[in-house]
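K.L.:
Structure below; questions to follow.
The values are calculated or read from the model by the stated rules, or taken from the named source; none is laboratory data. Note that this is a predicted model, so its numbers are computed, not measured. Positions of Cβ are backbone-derived with ideal geometry, glycine not excepted, and every protein chain shown enters the neighbour counts. The area values use the complete protein model at the heavy-atom level, side chains included, leaving out ligands, DNA and RNA. Shrake-Rupley method; radii C 1.70, N 1.55, O 1.52, S 1.80 Å.
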Amino acid sequence: MILVFLAATMVYFLAATQLEPIVNYLSKHPQPPMHTIHMQLQQQNLDPSTPVVERYWKWLTSVLHGNFLTAYDGSSVNDELGRRVYVSTVLLLTATVLSAVSGVAIGAWNALRQYRPSDRISTVVSYAILATPTVVIAVSLQTIDNWFGSPIQYINIHNPDVHGFFPVLLNTAEHLILPTLTLWLIQVTQFSRFQRSTMLDVLGADFLRTARAKGLTRRQAVIKHGLRTAVIPVMPLLVYSILLLFTGATFTEKIFGWHGMGEWLVDAISHNDVNATAAIGVFTAVLVLIAGLLSDLVYAALDPRVRS
């Protein structure tokens, strides 16, 4: 919790000293009177004439009571945070679970078929994808989709004309296809390469040879003993990937109009929104804390040596 407090404090002071919320009012046409501008900024705890330490103390006491104050447009940061978290969860949880399962399977398969054509092709494709920026992957998928005249939709997820549980579910699934595929391509390569390396280390281990000596076939020994051991180092990567992608899928969310946490971070900074930026910083710091805890729990659940 101390690290969360320090991270949140640093984010707030950085946002409060580098962002200029007054620009949002000075750029309006017609420009409001200066006393009106300062009155609005004071109500939002953003007035630059107020010492930053005083603003920080007011912000901190509000956060400790569960209130992240208001955004630059006067809306509640709490309400926007809750909505954005839900939207990002729908996208990121789906993409990461699919990436983890398929990445572990592909990595283990390539390790068992080391240096064969399938392994070499997978290696070349993986490095090509890892070297490609997310923006290029997302735009390429959009272009391919347009070439084939696909009816797939990826923007305006909340269609007001769609009603009922199953129609809404199908509408959401349709909008999930391209952004999920983008995140899947990025993550599956990471998981598969990491899993391949750990699996290669396990294949030559003594305990696997002992299992074979006790009568297990190579397939039984690999699945029952080898894969479980090889997947242990991948679990921390999986946990951190799921949680930290909440604010890390910025380009994917912006390109596909998926209004989640990553897009909100960019919008908050571009609008000089101190309170929203600080709220995202607190949220990210809490995610890091939760990711570390879950990572240790998952590691202990899979490795009996840690539990003992």
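K.L.:
Compute the angle between helix 134-147 and the longest alpha-carbon principal axis of the chain, please, reported from 0 to 90 degrees and rounded to the nearest 10.
P.N.:
In the chain, helix 134-147 runs at an angle near 80 degrees to the longest axis.
K.L.:
With N residues in the range 1-126, what two-decimal value do you get for its Cα radius of gyration over 2.2 N^0.38 Å? Write out the running numbers ahead of the final one.
P.N.:
Working: Rg = 23.9 Å, N = 126, 2.2 N^0.38 = 13.8 Å.
Output field value: 1.73.
K.L.:
Pairing the Cα long axis of helix 165-203 with the longest principal axis of the chain, what angle in degrees results, from 0 to 90 and rounded to the nearest 10?
P.N.:
Tilt of helix 165-203: around 50 degrees.
K.L.:
Also: Determine the share of the range 20-140's accessible area contributed by carbon and sulfur atoms, expressed in whole percent, with a 1.4 angstrom probe.
P.N.:
Details: 4520 of 6830 Å².
The C+S portion of the solvent-accessible surface of the range 20-140 is 66 percent.
K.L.:
For the range 179-308, compute the orientation-averaged projected area of the C-alpha convex hull (one quarter of its surface), in nm². Show your work: numbers first, answer last.
P.N.:
Values: hull surface 39.1 nm².
Here the figure is 9.8 nm², rounded to one decimal.
K.L.:
Given +1 on the Cβ of Lys and Arg, -1 on the Cβ of Asp and Glu, and no further charges, what dipole in debye does the range 41-132 carry about its Cα centre, rounded to the nearest 20? Show your work: numbers first, answer last.
P.N.:
Details: 7 positive and 6 negative charges, 111 e Å.
The dipole magnitude comes to about 540 debye.
K.L.:
Would you list, by chain and number, the aspartates and glutamates whose Cα falls below 15 Å from the Cα of residue 28, excluding same-chain residues fewer than 8 positions away?
P.N.:
20, 73
K.L.:
Quick one: pull the percent of accessible area on the range 169-308 belonging to carbon and sulfur, 1.4 Å probe, ligands and nucleic acids left out.
P.N.:
Details: 4260 of 6400 Å².
C and S fraction of accessible area: 67 percent.
K.L.:
Extending each Cα 7 Å along its Cβ direction at residue 52 and residue 14, get the distance between those two points in nm, one decimal.
P.N.:
1.3 nm
K.L.:
Right, here's the next one. Enter the accessible area per residue of the range 57-147 (Å², integer; probe 1.4 Å; all protein chains in place). Display every interim value, and only then the final one.
P.N.:
Details: 5020 Å² over 91 residues.
With the other protein chains kept in place, the range 57-147 gives 55 Å² per residue.
K.L.:
While we're looking at this one, here's another question. For residue 136 paired with residue 39, estimate the spin-label separation in nm (one decimal), with each label point 7 Å from Cα along the Cα-to-Cβ line.
P.N.:
5.4 nm
K.L.:
Once you place label points 7 Å from the Cα toward the Cβ at residue 302 and residue 289, how far apart are they in nm?
P.N.:
Result: 2.6 nm between the two label points.
K.L.:
Sticking with this structure for a sec: Where Rh is the Kirkwood radius over the Cα pairs of the chain, the temperature 25 °C and the viscosity 0.890 mPa s, what D in µm²/s does Stokes-Einstein return? Don't skip to the answer; put the middle values down first.
P.N.:
Working: Rh = 22.5 Å.
Here the translational diffusion coefficient equals 109 µm²/s.
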